[in-house]
1. I'd like to know if the range 85-95 contains one or more residues that are surrounded by 24 or more Cβ atoms within 10 Å (Cβ to Cβ), within 19 Å of residue 273 (Cβ to Cβ) and either modelled with pLDDT under 90 or in contact with a helix residue (DSSP H, G or I) (Cβ under 7 Å, 6 or more places away or on another chain) (or both).
2. Residue 77 - would you say it is farther than 26 Å from residue 227 by Cα and touching a helix residue (DSSP H, G or I) at 6+ places or on another chain (Cβ under 6 Å)?
3. Among the residues that make up the range 351-363, is at least one of them farther than 16 Å from residue 140 by Cα and at pLDDT 75 or above?
4. If a residue must be assigned to a helix (DSSP H, G or I) and either without any contact (Cβ under 8 Å) to a residue 60 or more places away in the chain or touching a strand residue (DSSP E or B) at 6+ places or on another chain (Cβ under 6 Å) (or both), how many such residues does the range 103-127 contain?
5. In the range 181-224, what residues are within 18 Å of residue 274 (Cβ to Cβ) and not in a helix (DSSP H, G or I)?
6. Residue under question is residue 178, and the condition is that it be assigned to a helix (DSSP H, G or I) and either without any contact (Cβ under 8 Å) to a residue 24 or more places away in the chain or surrounded by fewer than 16 Cβ atoms within 10 Å (Cβ to Cβ) (or both); does it hold?
7. Quick check on my filter: what residues within the range 151-169 are within 12 Å of residue 328 (Cα to Cα) and surrounded by fewer than 17 Cβ atoms within 10 Å (Cβ to Cβ)?
8. Exactly one condition in (1) loosely packed, with under 12 Cβ neighbours inside 10 Å; (2) in a helix (DSSP H, G or I); (3) at pLDDT 75 or above is false for residue 252; which is it?
């Protein structure tokens, strides 16, 4: 006998997942602002520390020699990082993940050499910072970092997906070059200043590559920053020790003269810079942290110049260059990643077939 069919019943199901607050909710926005304020302030403080580090290493390079100053700064940073291992946890799994990534080929040995770029930056601090002054040195460093950062993001050298070099980003990178060219060309000895500014510009470009490869190492170590920081200072110290040994063999390693104790604190400031960058990126992302550090570097260099007796010869040119550099950094920064499309919501309505229909195949 034919089976009778009953209409399908629509039974609403309850959604067990609680609904989140809408993004436009005032309380949600206020909480997000408060949570981002502290790490953003830390990024700005890290930028100020980087500007102060250039002053300290520059003064040390004047009476200890550039290679000796860079070697001391790197070795002091390495000593602090090695000593910090006593107070840290989960180091063994982090290094095990790093070793596994190297063995599988997911991480290349060149990714562990980011400290070479860091050592070159400290060397340029000792060579040129005292002559250029805090403002011009910082503008040249950040300019190279901004322009090369566009290329690094475009090639996808760091962790995550590549960020294409759009017209806006390329214009921001070129604007950063104009920002440093203005105060350099306005200097009394423009030719010599331009030649000196090329060194921190190249060091800033290398710094962008260092940040990218350190991000790869951090990712391979399970998002534990210690292996990347340790490798950075270890390779930088090895490079500087090799350079100092070569100069010593040739008899050209200058003996350090006496100087105030604060001239030897550059390595401590380097640790502050790295730590503030890691903590800020973890909380507010690379874009906001990078812009915060750029702002801190520029503002710190403008304040430190008069305080250290090295005011820029043309303050108006430096101020305009600083404003242009901040605008260039905003333009060259990658756009916020597109938010992933929301997944399907749990079904609010479910179709339940009639019981006799389930038995139809067996009759």
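1. no
2. Spelling it out, it is not the case that residue 77 is farther than 26 Å from residue 227 by Cα and touching a helix residue (DSSP H, G or I) at 6+ places or on another chain (Cβ under 6 Å).
3. no
4. The qualifying residues number 3.
5. 221, 223, 224
6. For residue 178, the condition - assigned to a helix (DSSP H, G or I) and either without any contact (Cβ under 8 Å) to a residue 24 or more places away in the chain or surrounded by fewer than 16 Cβ atoms within 10 Å (Cβ to Cβ) (or both) - is met.
7. Matches in the range 151-169: 168 only.
8. (2)
The values are calculated or read from the model by the stated rules, or taken from the named source; none is laboratory data. The shown structure was predicted, so the numbers you read here are calculated from the model rather than taken from an experiment. As a convention, Cβ positions derive from the backbone with ideal geometry for all residues, glycine included, and neighbour counts pool all protein chains shown.
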